[in-house]
Amino acid sequence: MKQFHVLTTIILITVVLSLPIQANAEVNRMLKEADSDLYPDMLLLLLLPQIQEAVNSYYSKILKVDPVVYPYEIDIVKAERIDQNPKNRGYDFLLTLEVQPVIGPHIAVGQDRMTLEISPLITNIVKITSYQHVHTNQLPLNWQHLLLR
């Protein structure tokens, strides 16, 4: 009977001591995954005013209200340096985004693709070089009163 208690105690101690190591490894993995989105998310937040302005400009011809662009509704399609000189890394970039603006309770009004040029040589650092409306969503009947006709 004494051997049974000793064996049970050893097993319990082994299980308890191994748990924090597994939990710590899981937390580290989750932190690494979260960090992979850190810089793109910050970049989108900084660019959001210019993105919103471009979207408002397009949809002012279609809607009575300005749709909202949320950062989580923006996909970075492509990011590249304009100057590919290997001896001098430039700080001029082209960023292609796909945006899904919404109205009301997150009703998507369409999908748009835009290219932004980011450069210290541009007056406000960011310039929309192209804006393409990709798709228009049909609004629900109770939201169609916001359409310009």
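The values are calculated or read from the model by the stated rules, or taken from the named source; none is laboratory data. These figures come from a predicted structure and were not determined experimentally. Methodologically, a virtual Cβ is constructed for each residue, glycine included, from the backbone with ideal geometry; neighbour enumeration extends over all protein chains shown. For accessibility, only protein heavy atoms count, side chains too; no ligands or nucleic acids. Shrake-Rupley method; radii C 1.70, N 1.55, O 1.52, S 1.80 Å.
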Report summary line: the stretch 44-142 accessible area per residue, 1.4 Å probe, protein heavy atoms, integer Å², reads 61
Query - With every protein chain in place, the chain: carbon and sulfur % of accessible area (1.4 Å) - result: 61
Query - Given charges at beta-carbon only (K, R positive; D, E negative), |dipole| of the chain in Debye - result: 120
Query raised in the report: Among (i) 1.19; (ii) 1.27; (iii) 1.73, which one is Cα Rg over 2.2 N^0.38 Å computed from these coordinates?
Result: (iii)
Query raised in the report: Any idea what angle helix 38-59 forms with the longest principal axis of the chain, computed on alpha-carbon atoms, 0 to 90 degrees, nearest 10?
Result: 30
Query - Partner lysines for K78 [C-alpha distance under 22 Å; skip if fewer than 8 residues away on the same chain] - result: K127
Report task. Any aspartates and glutamates with Cα under 18 Å of the K2 Cα? List them, leaving off those in the same chain fewer than 8 positions away. Result -> none
Report task. Report relative contact order for the chain in percent, whole number only (criteria: Cα-Cα under 8 Å, sequence separation at least 6). Result -> 16
Report task. Specify which residue in the list T14, V68, Q144 is farthest towards the positive end of the charge dipole of the chain, using unit charges on the beta carbon of Lys, Arg (+1) and Asp, Glu (-1), about the Cα centre. Result -> T14
